[in-house]
Amino acid sequence: MKKFLCISLIVILYAILIIYFIFYKSNMNFVLLGNTTIITYKNNEIKEISYINKINKRLDYEEIKMHNGEDFEKYCISFFNFEGLINSKYYKDCYEEVELDSSLAYHGDININVAKNRQTSVMNNSDYTLINQALQTKNISGTASYFNKSTLDIDEDGVNESIYTINNYSNIEDDKFFNYVFLVESNGTIIDINYVQNNEETPGIYERNEFRWAADIDLDNNYEIILSTVKGDDSREEFLFYKYNGTSFNQVLEVE
Ligand SMILES: [Ca+2]
Ligand SMILES: [Ca+2]
């Protein structure tokens, strides 16, 4: 009789654990940025921003909504460990494995808003003039070896702004090694988001920051600017968040 009671108790405990696990799993609200960063929410507020350092079984094979540049689509995600680094696989419609670059996805009912944005890497004359103008404020004459421009309405006033990501990592003597992300308002005003001058003595570990999304990560109905950052070719992709107050950008939402 004792043995029967013991087994029954264990079965009931297991059942409770499984129910709790399923309930907890399906009710977690989180945002994933790339393979590296997870933002969890409680009562529509950010609870934690942290790096994914180990495979979390609660997230493995979860259904997520992945941003495709325009909208969100259904995916499933699975994690694997590759030479000590956590990596992830994405399955479109939870079926077809798809290779993805830097990705933004969410799970749950938080409905992250992402600004529509048009990107180009073709520099026209006015881009060239603006880049020269912006670089002069850093005492750099010349232009950039890499250029990307995103056009979007960051403050949702019906007028578009542009965000430029430029950098220069060529090895010509006396070249400046910089990475610069700035916003240009519709009237041509240039506002810095992030500027780094890299150390020319340490090639290969240049910091490289790039605009990725304007998304309302903290759910306050204003977009944050999200930059991806890597400190060298093999380093982990991390993310920087900035708020725009109409005249300047402030870095916010530190990763713990
Ligand atoms: Ca605007
Ligand atoms: Ca926000």
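The values are calculated or read from the model by the stated rules, or taken from the named source; none is laboratory data. What you see is a predicted model; the values in this text were computed from it and never measured. In this analysis, Cβ positions are derived from the backbone assuming ideal geometry, glycine residues included, and neighbour counts consider all displayed protein chains.
Of all residues in region 141-160, how many are in a strand (DSSP E or B) and within 16 Å of ligand 1 (Cβ to nearest atom)? Break it down stepwise before answering.
Taking region 141-160 as the starting set, the residues that turn out to be in a strand (DSSP E or B) are 146-152.
Checking the rest, the ones that are also within 16 Å of ligand 1 (Cβ to nearest atom) come to 149-152.
The qualifying residues number 4.
Just wondering, is there one or more residues in region 114-137 that are out of contact with any Cys (no Cβ under 8 Å at 6 or more places or on another chain), among the charged types (D, E, K, R) and under 18 Å from ALA214 (Cα atoms)?
Within region 114-137, one or more residues are out of contact with any Cys (no Cβ under 8 Å at 6 or more places or on another chain), among the charged types (D, E, K, R) and under 18 Å from ALA214 (Cα atoms).
(1) assigned by TED's automatic domain parsing to the domain that holds GLU62; (2) closer than 21 Å to HIS67 by Cα: which one isn't true of LEU85, the others all being true?
Looking at each condition in turn, LEU85 falls short on (2).
Just checking, which of ASN139, ASN124 is out of contact with any strand residue (DSSP E or B) (no Cβ under 8 Å at 6 or more places or on another chain) and within 30 Å of SER235 (Cβ to Cβ)?
None of the others qualify; the one that does is ASN139.
For the subset of region 234-250 comprising residues that are assigned to a strand (DSSP E or B) and touching a residue at least 12 places away in the same chain (Cβ under 8 Å), which member is nearest to ligand 1 (Cβ to nearest atom)?
Across region 234-250, the extreme among qualifying residues is TYR244.
Residue check: is GLU83 more than 27 Å from VAL159 (Cα to Cα), surrounded by 12 or more Cβ atoms within 10 Å (Cβ to Cβ) and out of contact with any helix residue (DSSP H, G or I) (no Cβ under 6 Å at 6 or more places or on another chain)?
no
Do you know which residues across region 219-233 are away from ligand 1 (no atom under 16 Å from the Cβ) and either within 17 Å of ASN167 (Cβ to Cβ) or under 13 Å from the mean Cα position of the chain (by Cα) (or both)? Give the steps one after another, and end with the answer.
Pass one, region 219-233, residues away from ligand 1 (no atom under 16 Å from the Cβ): 219-220, 226-233.
Of everything in region 219-233, those that are away from ligand 1 (no atom under 16 Å from the Cβ) and either within 17 Å of ASN167 (Cβ to Cβ) or under 13 Å from the mean Cα position of the chain (by Cα) (or both) turn out to be ILE226, LEU227, SER228, THR229, VAL230, LYS231, GLY232, ASP233.
Which residues, counting only those in region 102-139, are without any contact (Cβ under 8 Å) to a residue 40 or more places away in the chain and surrounded by 17 or more Cβ atoms within 10 Å (Cβ to Cβ)?
Within region 102-139, MET123, ASP127, ILE131 meet the criteria.
Among the listed residues ASP60, ASP93, identify the single one that is more than 22 Å from GLU238 (Cα to Cα) and outside the structural domain of GLY188 (by TED's automatic domain parsing).
None of the other options fit; the residue is ASP93.
Which residues, counting only those in region 102-130, are assigned to a helix (DSSP H, G or I) and touching a Lys or Arg at 6+ places or on another chain (Cβ under 7 Å)?
Hit for region 102-130 is ASP127, nothing else.
Only one of TYR95, TYR61, TYR51, TYR41 is crowded, with 17+ Cβ neighbours inside 10 Å and either hydroxyl-bearing (Ser, Thr, Tyr) or within 25 Å of ASP216 (Cα to Cα) (or both). Can you tell me which?
TYR41 is the lone residue from the list that is crowded, with 17+ Cβ neighbours inside 10 Å and either hydroxyl-bearing (Ser, Thr, Tyr) or within 25 Å of ASP216 (Cα to Cα) (or both).
When you check ASN168 against the structure, is it crowded, with 20+ Cβ neighbours inside 10 Å, assigned by TED's automatic domain parsing to the domain that holds PHE211 and modelled with pLDDT under 90, yes or no?
yes
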